[in-house]
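The values are calculated or read from the model by the stated rules, or taken from the named source; none is laboratory data. It should be emphasised that the depicted structure is a prediction, and the values quoted were computed from it without experimental measurement. Here the Cβ positions follow ideal geometry from the backbone for every residue, glycine too, while neighbour counts run over all protein chains shown. These accessible areas exclude ligands, DNA and RNA; they are computed on the full protein's heavy atoms, side chains included. Shrake-Rupley method; radii C 1.70, N 1.55, O 1.52, S 1.80 Å.
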Amino acid sequence: VMANGRALVAIGQSGDGKSTLARLSRQAGAEILSDEINQLFPDGTAWGTPFRSDADLAGCPGGGVPVKALVLLTKGDHEGFSEVSPSEFVQLALAQCYMQPGAELPRAHLNQRLLSILAAAPLKRLTFRKHPDAGRFVVDFLHAG
């Protein structure tokens, strides 16, 4: 999602809450880049795509939006950020990489690109509830300093 010219990009498996967080954030005033596939670049920017999980979650393809944080999602009883181990983040991020058929990269090259992307933005764990306050929390974070 993006607000105030910055993006928060969530990485996670199916069921982790990416679409839920996108919906809640949009209700709080953010725009959706995509709740399915986003493009991340080593310069620290994110680009949306037309891919989405549901018709009501159409994103804003395009972008070049600076990423304020890359987050792993955890469902909980409050909103907050906490530390995440880089190894946990890398493992999940590698599992989520989409490679266009016929355009596979050697594993070492993929790892180098991923490490460049992950070095460009803070890595965090975002705990959140399925509640409108979660969307406001994300939007407030994107508006803060």
Work out from phi, with θ = phi - 60° and the Karplus expression 6.51 cos²θ - 1.76 cosθ + 1.60, the ³J(HN,Hα) of each residue of the range 121-133, listed in order in whole Hz, and give x for Gly and Pro. 8, x, 9, 9, 9, 10, 8, 8, 9, 7, 8, x, 4
Sequence-distant or interchain residues sharing an amide H contact under 5 Å with G76, placed H: which? F128, R129
The range 46-145, relative contact order [Cα under 8 Å, separation at least 6], %: 38 percent
With every protein chain in place, the chain: carbon and sulfur % of accessible area (1.4 Å): 53 percent
With +1 on the Cβ of every Lys and Arg and -1 on the Cβ of every Asp and Glu, and nothing else charged, how large is the dipole of the chain about its Cα centre, in debye rounded to the nearest 20? 80 debye
If you rank S87, S53 by how much accessible surface each has, with a 1.4 Å probe, what is the order from largest down? S87, S53
Counting heavy atoms of the protein chains only and a 1.4 Å probe, report the per residue accessible area for the range 1-127 as a whole number of Å². 52 Å²
Based on the alpha-carbon gyration tensor of the range 17-99 and its eigenvalue square roots a ≥ b ≥ c, which shape applies: rounded if a/c is under 1.5, prolate if not and a/b is larger than b/c, or oblate? oblate
What residues of the range 34-67 lie in the reach of a label at Q27, counting those whose backbone N is under 20 Å from a point 7 Å from the Cα along Cα→Cβ? 34-36, 53-60
Counting only residues 5 or more places away or on other chains, whose amide H sits under 5 Å from the amide H of A46 once H atoms are built in the peptide plane? G64, V65, V67
